[in-house]
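Below: one structure, written as structure tokens.
The values are calculated or read from the model by the stated rules, or taken from the named source; none is laboratory data. Nothing here was measured: the structure is a model prediction, and the numbers come from that model. Cβ atoms come from the backbone with ideal geometry, glycine included; neighbour counts cover every protein chain shown.
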Amino acid sequence: MPVVMEAVLGTVERRRVGAGSKSDHTAVVLNEGGGRAPLILRRKGGNAFQDEELERLVGKRITAHGARTSTTFLLDDWKTVD
């Protein structure tokens with residue numbers, strides 16, 4: 001299946017994900033709003049569990065460019081939005 005690149009607008013937050021499972025942890029996520037589930041943010045080449053560059057985005061609104069899976073957004077690039 002080909003990877004579909006897209007741009008997504010949302011607010012970067014730190015949230016608990018995988019509650020009650022072996023994957024339970026706090027992650028940096030992108031909240032698109034509109035009742036959609038937040039997407040766990042991962043940066044290509046970044047640490048999957050603690051990425052300082054993504055941590056610095058918490059609280060900011062961004063346009064994220066990359067590829068989406070069911071629960072994760074793999075970032076190629078992003079721009080902050082005022």
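Counting only residues that are modelled with pLDDT of 95 or more, closer than 21 Å to residue 19 by Cα and either touching a Phe, Trp or Tyr at 6+ places or on another chain (Cβ under 9 Å) or aromatic (Phe, Trp, Tyr) (or both), segment 43-73 holds 1 of them.
Take the conditions (1) among the charged types (D, E, K, R); (2) modelled with pLDDT under 95; (3) out of contact with any Gly (no Cβ under 8 Å at 6 or more places or on another chain); residue 24 misses just one of them, which is (3). The single residue among 57, 30 that is in a loop (DSSP other than H, G, I, E, B) and in contact with a strand residue (DSSP E or B) (Cβ under 6 Å, 6 or more places away or on another chain) turns out to be 57. When segment 27-82 is limited to residues that are under 12 Å from the mean Cα position of the chain (by Cα), among the polar types (S, T, N, Q) and over 13 Å from residue 9 (Cβ atoms), the one that is surrounded by the most Cβ atoms within 10 Å (Cβ to Cβ) turns out to be 72.
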